[in-house]
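Nothing in this text is a laboratory measurement; each read-out follows from the coordinates by a stated rule. Since this is a predicted model, take the numbers as computed values, not measurements. Cβ placement follows ideal geometry from the backbone for every residue including glycine, while neighbour counts extend to all protein chains displayed.
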Amino acid sequence: MRPTGLPVTAVREEIAAALAEDVPWSRVLNSICTEPHPVAVEAARAAAHTNLGDVRIFRGTKRVERKVVSLLLELLGRPQGAGSLVSGGTEANLLAVLAARGDALRTGRLSDRPEVVVGSTVHFSFDKIFAALGVTPVRVPVDDGLRLAPESVEKALTEHTLAVVATAGSSELGVVDRVDDIAAVLEPHGVWLHVDAATGGFVIPFARELGLPLPRFDFSVDGVRSITIDPHKYGLANVPAGAVLFRDQEARQADSFFHGTPAHTTFLGTRPGSAAVAVYAVLEHLGREGFVAITRTNYENTRHLTDRLAEAGYGLIIRPELNIVVVRVPNAVEVSDLLDTRGWIVSTSKRFEDAVRIVVTRHVTRDVIEEFVPALIRADHD
Ligand code: PLP
């Protein structure tokens, strides 16, 4: 540390210079996060001093968190459910698996070798969670539509099964598992079903309202016990803002932190109230109508992108269900590296060697797409 401090102007300049090195959002086509809504940024700034780890002090902030949880539960079809705001999808998924474990313990079903059944498209956050909790993942194949196959799930169930994870939709391909079919095969077994809707939670409800043929994934499906949804992705809030929601208090109370004093329902202790306030600001400001409008634009832009790619002769690996486009590009890794040197960020697929993955979200406008497609063609031909 410096013996004496710098003037604030010098600190500001240094920070501005560092931030200027970041890739501007208009060149970011691999991220499910986006530039936060200005209303979120303003609210987060106002609440920068708050800490939801100490609710005796931050009573008003806690009240806002509870309101956000209520709004999210209502969005997911279970106003009487329970939940917490957390740092993101990873923590939400961790808390869901912990709650499933607590439930199994309480009901005398906890195996000494617990297993969780997942599809091969499950998010890698679960690898960390399983390693941390000593849970064995049982990976089952996906079907031709790259969805978790209910019959494979059923075959994989054993006396050790703690939970099954369905994904609505996968960050890799934007594919939405058929949660109701999976719930139906689990029903006789009473196995905990967790839905990871970190990516699709702020898309699917509004897309369904627009009449798009996406399946139900939320608490309206009997058997869904917990859901991850991430306001800091398509919910337009600033990082870190995730949420884990439970069908009922009982399910949430199974989570092993709940019984402490004071009761913490999250893994983090000290945690930013600014996130809760920011999410609240966006939800209240946009309302359902605002999210439906943004979702409509995202689908129009996704369509524009796929049309432009088709005109240029590119085929898709899979028809997009969400706003994620996976396009067949020979030598995808080289093309992605070349794009990177030219300022564009895309990702490649681990599953398909010759595929570039593009995420369409709020900052990926028609204008951005108009600039990107020729850049992709050039990188592909160079
Ligand atoms: N689950 C899914 C489906 C995701 O897409 C992601 C992140 O992209 C996560 C979990 C992890 O979320 P986070 O990075 O916010 O911890």
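Summary table
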| item | result |
| --- | --- |
| Kirkwood Rh in Å, taken over segment 131-230 so that all alpha-carbon pairs contribute | 13.9 Å |
| Links that overshoot a 32 Å alpha carbon limit, given the list K67/K128; K155/K233; K67/K350; K62/K233; K67/K155 | K155/K233; K67/K350; K67/K155 |
| Rounded to 5, percent antiparallel among DSSP beta bridges of segment 119-240 | 15 percent |
| Relative contact order of the chain, defined on C-alpha pairs under 8 angstrom at six or more residues apart (%) | 24 percent |
| Cα gyration tensor category, rounded, prolate or oblate, for segment 229-382 with a/c compared to 1.5 | prolate |
| Spin-label model distance (nm) - K128 vs R342, 7 Å beyond Cα toward Cβ | 3.3 nm |
| Signed unit charges on C-beta, dipole axis of segment 227-382, positive-most listed residue I294, T361, L268 | L268 |
| Equivalent ellipsoid, the chain (semi-axes from 5 times Cα gyration tensor eigenvalues, Å) | 33, 29, 19 |
| Coil-residue chymotrypsin sites (Phe, Trp or Tyr not before Pro) of segment 63-132, DSSP, other Cβ within 10 Å capped at 12 | F124 |
| Sum of -39500 (n - 2.57) over DSSP H runs of 4+, divided by residues of the chain (222 nm, nearest 500) | -13000 deg cm²/dmol |
| The chain: DSSP helices with Cα axial extent of at least 27 Å and average Kyte-Doolittle hydropathy no lower than -0.5 | 273-311 |
| 12 Å beta-carbon shell around G200, net charge (K/R +1, D/E -1) | -2 |
| Peptides 366-373, 188-195 ordered by average Cβ neighbours within 10 Å, highest first | 188-195, 366-373 |
| Alpha carbon centroid spacing (whole Å) that separates segment 1-49 from segment 261-323 | 21 Å |
| Estimated distance in nm for a label pair at D367 and S120, the labels positioned 7 Å out from Cα along Cα-to-Cβ | 4.2 nm |
| Percentage relative contact order, segment 297-378, counting C-alpha pairs under 8 Å, at least six apart | 33 percent |
| Protection proxy ranking, peptides 53-64, 325-336, average beta carbon neighbours within 10 Å, highest first | 325-336, 53-64 |
| Contact order relative to length of segment 52-186, as percent, for alpha carbon pairs under 8 angstrom and 6 or more apart | 20 percent |
| Gain on full stretching of the segment that runs from T270 to K67 - 0.36 nm per residue minus C-alpha separation | 71.1 nm |
| Pairwise FRET efficiency - R303 versus E187, Cβ, R0 = 41 Å, nearest 0.05 | 0.65 |
| Among D22, D218, D307, residue whose mean-square fluctuation peaks in a GNM of the chain (springs only between Cα atoms under 10 Å) | D22 |
| Unit charges on C-beta of K, R, D, E only; dipole of segment 176-241, Debye | 160 debye |
| FRET efficiency, 1/(1 + (r/R0)^6) with R0 41 Å, evaluated for D354 and T107 via beta carbons | 0.30 |
| Inter-site label distance for E289 and L316 at 7 Å from Cα along Cβ, in nm | 3.0 nm |
| Magnitude of the charge dipole, segment 1-103, Cβ model with Lys/Arg +1 and Asp/Glu -1, debye to 20 | 500 debye |
| Net dipole in debye of the chain [+1 Lys, Arg Cβ; -1 Asp, Glu Cβ; about Cα centre; nearest 20] | 1120 debye |
| Ranked by how many other beta carbons lie within 10 Å on average, peptides 32-39, 345-352, 208-215 from highest | 32-39, 345-352, 208-215 |
| Percent antiparallel among DSSP beta bridges (both partners in the chain, rounded to 5) | 50 percent |
